[in-house]
Amino acid sequence: IRCWSNIPFITVPLSRAHGKSFAHRSELKHAKRIVVKLGSAVVTRGDECGLALGRLASIVEQVSMLQNQGREMMIVTSGAVAFGKQRLRHEILLSQSVRQALHSGQSQLKDMAIPVLEARACAAAGQSGLMALYEAMFTQYSICAAQILVTNLDFHDEQKRRNLNGTLHELLRMNIVPIINTNDAVVPPPEPNSDLQGVNVISVKDNDSLAARLAVEMKTDLLIVLSDVEGLFDSPPGSDDAKLIDIFYPGDQQSVTFGTKSRVGMGGMEAKVKAALWALQGGTSVVIANGTHPKISGHVITDIVEGKKVGTFFSEVKPAGPTVEQQAEMARAGGRTLAALQPEQRAEIIYRLADLLTDQREEILLANKKDLEEAENKGRLALPLLKRLSLSTSKLNSLAIGLRQIAASSQDSVGRVIRRTRIAKDLDLEQVTVPIGVLLVIFESRPDCLPQVSALAIASGNGLLLKGGKEAAHSNQILHHLTQEALSIHGVRDAVQLVNTREEVEDLCRLDKLIDLIIPRGSSQLVRNIQKAAKGIPVMGHSEGICHVYVDMDASVEKVTRIIRDSKCEYPAACNALETLLIHRDLLRTPLFDQIIDMLRVEQVKIHAGPKFASYLTFSPSEVKSLRTEYGDLECCIEVVDSVQEAVEHIHKYGSSHTDVIITENEKTAEFFLQHVDSACVFWNASTRFSDGYRFGLGAEVGISTSRIHARGPVGIEGLLTTKWLLRGDNHVVSDFSEHGSMKYLHESLPLPQRNSS
């Protein structure tokens, strides 16, 4: 264990044979030796005179953290010229002011012109100050830094090259961070077009080429090049169609148009790409990213090392399939074509998918068996998750029935007129339903989710990106293949895409320009992580399913045990399973209470006592750690309340607004509960397990939403639609409706067209 800023860090085991660059971003966390190149735009202030101290301090903090994890960090830095320019300007101004004051005797000084400062002189004046600043910053993290100045000649002279190599290795061995810069005080002006001359030679004319040369010489695993742009774009940044390139492959440079270089510094993006490709050929992975953006510069280096999708990653391994960005664009295009189909055609696709689920039953169950065997062998899934992962003939039959329900109910879902208004004579307004766009559904251990969600997306005309858990890879693959086979009957195969790349969920949640809605299906932790990671994309779902059943003093003996057993024991891993049982105080020590406890014991349900319930017992079960717990297993909490009002208050305080139930024969008490409990689903004398799209008659659901905007409760086709306004006029202009205009607003409600009753 190393220590950094009084925080212990466990040294990560890092070992890798050099010679081949990393193929995927996810492998970057294994990088041991890392070069961080700081461009002039990163190190200097906007006025190009002086250093960006806050930004530099943040970079030093990140480098220190990685160094204290056991990595070997090197920095190639710019900034000496800018720092020297600041110092020399100050000295010149001070000198001129003193001379002017002595010679003129005037108290008010005239405007003084500052001569153009020569870069080499600025570098000479700035090197010592820049290094002193780095030393002071690294000292805060108990790390020693050492300065090395190099020129192009140091790499061409074999003896000097060996000396430099030996010095750097010795510094790294002693846990010292080398800070390397070109010796700009003596370096000659760069020669044009002398960048790259093959794999073994690179001319050091700027810090980009210096960083690449050092990275290869020192057999580093990763080179991080920080500049003032997000990465490499397919056209100059700022142009209308410019798109950030996530992964850049050798040979792709022909499809890229380079813009001008940054505001300061010797190189531009073209120089960076050439240097990056040279380093990549030498076995070093490269990422070019933005080191100046205030929102990400504080963690850009650590994010890159963690494998997050930041900047442009250079890789020699081109994936076989499309990127996730390309898949999202294919889903959008496919979704628009899907929405333009006739309702009968969309229904026909879903009917076909339902038939395939039963016709290809054997192949599906065989793939699912592989997933189950792998999960059991690795022992990585708990029993409730294994149950979710498992498919059966009955499950597939139920899925097929649900899909046929969706097909039958989807006839007038898209393009349905929900409001008609006559604004004025010959000016009619309609509000019609339309698809949301591209949905991203992330699910784990639930392969049956794939055809359900696909059918709902097809029925609502939405494009769909699916990201399933790796534990269900074989099942998801065949189910997606069958979905695309069904889509093919009307030429919209691309509307539903399965993400098979090594895309992290957090990276998918950042695709705000490509994805319109995220729907997580899985554990409460998964949902919370997605809600936290989503950047500008709405998330539909619930983070917890803390469902309550309140047993009122007027509850029926016959109904109580049946409803509680079904709510808790029928499928305890479900989000709509009972987690907290509220008992009216008057029922304690009654035969009904004893029946409840006996039934739970027979069903092997572990009981946790709430604080009030525990106070009534001499020997109580284990007291609950939190009344806000989703067990997801054969466990539940029992708590005592004095009234229906207290039950409602308890649910509001500790519940998750999912599903809550009252068992009573008193209609007035039941209505009070139904009207006052502020949850997505509130039931009277019925199991919590009815909170489900299929059981509600929606055919299936994409999830259960506890949010208060757009959709709430089980979300079927209606929850995947939004609206748009259609206005049909005849040479209408707003000025005609002014005070002295010729037209008046009518705002008459018009009858809606008849819905398809089939």
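The values are calculated or read from the model by the stated rules, or taken from the named source; none is laboratory data. Keep in mind that what you see is a predicted model, and the values were worked out from it rather than measured. Methodologically, a virtual Cβ is constructed for each residue, glycine included, from the backbone with ideal geometry; neighbour enumeration extends over all protein chains shown. With ligands, DNA and RNA removed, areas are computed over all heavy atoms of the protein, side chains included. Shrake-Rupley method; radii C 1.70, N 1.55, O 1.52, S 1.80 Å.
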What relative contact order, as a whole-number percentage, does region 548-701 give when Cα pairs under 8 Å and 6 or more residues apart are counted? 30 percent
The helix 449-460 Cα axis meets the longest alpha-carbon principal axis of the chain at an angle in degrees, between 0 and 90 and rounded to 10, of 90 degrees
Lysines with Cα under 23 Å of residue 387, excluding same-chain neighbours fewer than 8 positions away: 369, 370, 378, 395, 467, 470, 568, 606
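Let me have the relative contact order for region 610-758, percent, based on Cα pairs under 8 Å that are six or more residues apart.
On the way: 138 pairs, mean separation 19.1, N = 149.
Answer for region 610-758 is 13 percent.
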Using a 1.4 angstrom probe, figure out how much accessible area the chain has per residue, in square angstrom, rounded to the nearest whole. 46 Å²
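Could you compute Rg(Cα) / (2.2 N^0.38 Å) for region 548-701, with N its residue count? Please report the intermediate quantities before stating the final value.
Working: Rg = 14.4 Å, N = 154, 2.2 N^0.38 = 14.9 Å.
Here the answer is 0.96, to two decimals.
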Checking rank on 335-342, 81-88, with mean other Cβ inside 10 Å and highest first, the result is 81-88, 335-342
Cβ-derived FRET efficiency at R0 30 Å, residue 525 paired with residue 561, nearest 0.05: 0.40
Using +1 at the Cβ of each Lys and Arg and -1 at the Cβ of each Asp and Glu in the chain, identify which of 357, 534, 81 lies farthest towards the dipole's positive end. 81
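With an 8 Å cut-off on Cα pairs and a minimum separation of 6 or more residues, tell me the relative contact order of the chain in percent.
Numbers: 1490 pairs, mean separation 85.4, N = 758.
The normalised contact order for the chain reaches 11 percent.
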Given labels modelled 7 Å from the Cα in the Cβ direction, how far is it in nm from residue 244 to residue 128? 4.2 nm
Counting other Cβ atoms within 10 Å, which trypsin sites (Lys or Arg not before Pro) in region 339-428 have at most 16 and lie in a DSSP loop? 380, 425
For residue 29, list the aspartates and glutamates whose Cα falls under 14 Å from its own Cα; do not include residues on the same chain fewer than 8 positions away. 72, 221, 303, 306, 504
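On the accessible surface of the chain, probed at 1.4 Å, how many percent belong to carbon and sulfur atoms? Please report the intermediate quantities before stating the final value.
Numbers: 17760 of 34840 Å².
In the chain, the share of accessible area belonging to carbon and sulfur is 51 percent.
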So if R0 is 25 Å, what FRET efficiency would residue 535 and residue 323 give, r being the distance between their Cβ atoms, rounded to the nearest 0.05? 0.85
Net charge dipole size for region 548-701 [Lys, Arg +1 and Asp, Glu -1 on Cβ; Debye, nearest 20]: 300 debye
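Give the percent of DSSP beta bridges with both residues in the chain that are antiparallel, rounded to the nearest 5.
If I count the DSSP bridges inside the chain, around 30 percent turn out antiparallel.
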Given points 7 Å out from each Cα along the Cα-Cβ axis, report the residue 665 to residue 736 separation in nanometres with one decimal. 6.9 nm
Under 5 Å between amide H atoms, partner at least 5 residues away or on a different chain: which partners does residue 229 have, H built in plane at 1.01 Å? 291
Where does helix 324-340 land angle-wise versus the long Cα axis of the chain, in degrees 0 to 90, nearest 10? 40 degrees
In whole Å, what are the extents of region 487-539 along the principal axes defined by its C-alpha atoms, from largest to smallest? 38, 24, 20
If the label point sits 7 Å along Cα→Cβ of residue 219, residues of region 161-176 with amide N under 13 Å come out as 166, 169
Protection proxy ranking of 581-588, 466-473, 529-536 - average other beta-carbon atoms within 10 Å, highest first: 466-473, 581-588, 529-536
Relative to the longest principal axis of the C-alpha atoms of the chain, give the angle of the C-alpha long axis of helix 53-67, reported between 0 and 90° and rounded to the nearest 10°. 70 degrees
Pseudo-spin-label distance residue 598 to residue 489, built 7 Å along Cα→Cβ, given in nm, is 5.5 nm
Cross-link pairs 32/272; 219/318; 274/308; 308/724 - those with Cα-Cα distance over 30 Å: 308/724
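For residue 316 and residue 147 in the same chain, what is the full-extension length gain: residue separation times 0.36 nm, less their Cα-Cα distance, in nm?
Details: separation 169, 0.36 × 169 = 60.84 nm, distance 3.29 nm.
57.6 nm is the gain from fully extending residue 316 to residue 147.
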Output the peptides 562-571, 669-678 sorted from most to least packed, where packing is the average of other Cβ atoms within 10 Å over each peptide's residues. 562-571, 669-678
Please find the FRET efficiency linking residue 726 to residue 186, where r is the Cβ-Cβ separation and R0 is fixed at 60 Å, and quote it to the nearest 0.05. 0.25
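Expressed as cubic angstrom per residue, what is the convex hull volume of the alpha carbon set of the chain?
Values: hull volume 209.6 nm³, N = 758.
Hull volume over Cα atoms, normalised by residue count, gives 276 Å³.
Once you sort the root eigenvalues of the Cα gyration tensor of region 391-471 as a ≥ b ≥ c, which label holds: rounded (a/c under 1.5), prolate (a/b larger than b/c) or oblate (the other case)? Don't skip to the answer; put the middle values down first.
Working: a/c = 5.97, a/b = 2.26, b/c = 2.64.
In terms of gyration-tensor shape, oblate.
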Considering the dipole of region 548-701 built from charges on the beta carbon (Lys and Arg +1, Asp and Glu -1) around the Cα centre, which of 592, 694, 682 is farthest to its positive end? 592
Among the aspartates and glutamates, which have Cα under 13 Å from the Cα of residue 668 when same-chain residues fewer than 8 positions away are ignored? 552, 554
Out of 417, 482, 301 - ranked by how far each Cα lies towards the positive end of the dipole of the chain, with unit charges on the beta-carbon of charged residues - the top one is 301
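Under 1.5 on a/c is rounded, so check that first for region 433-513, then, if it is not, pick prolate when a/b is larger than b/c and oblate when it is not; a ≥ b ≥ c are the square roots of the alpha carbon gyration tensor eigenvalues.
Details: a/c = 1.79, a/b = 1.14, b/c = 1.57.
Cα axes put region 433-513 in the oblate bin.
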Assuming 0.890 mPa s and 25 °C, estimate D for region 536-581 with Stokes-Einstein, Rh taken as the Kirkwood radius over Cα pairs, in µm²/s. 200 µm²/s
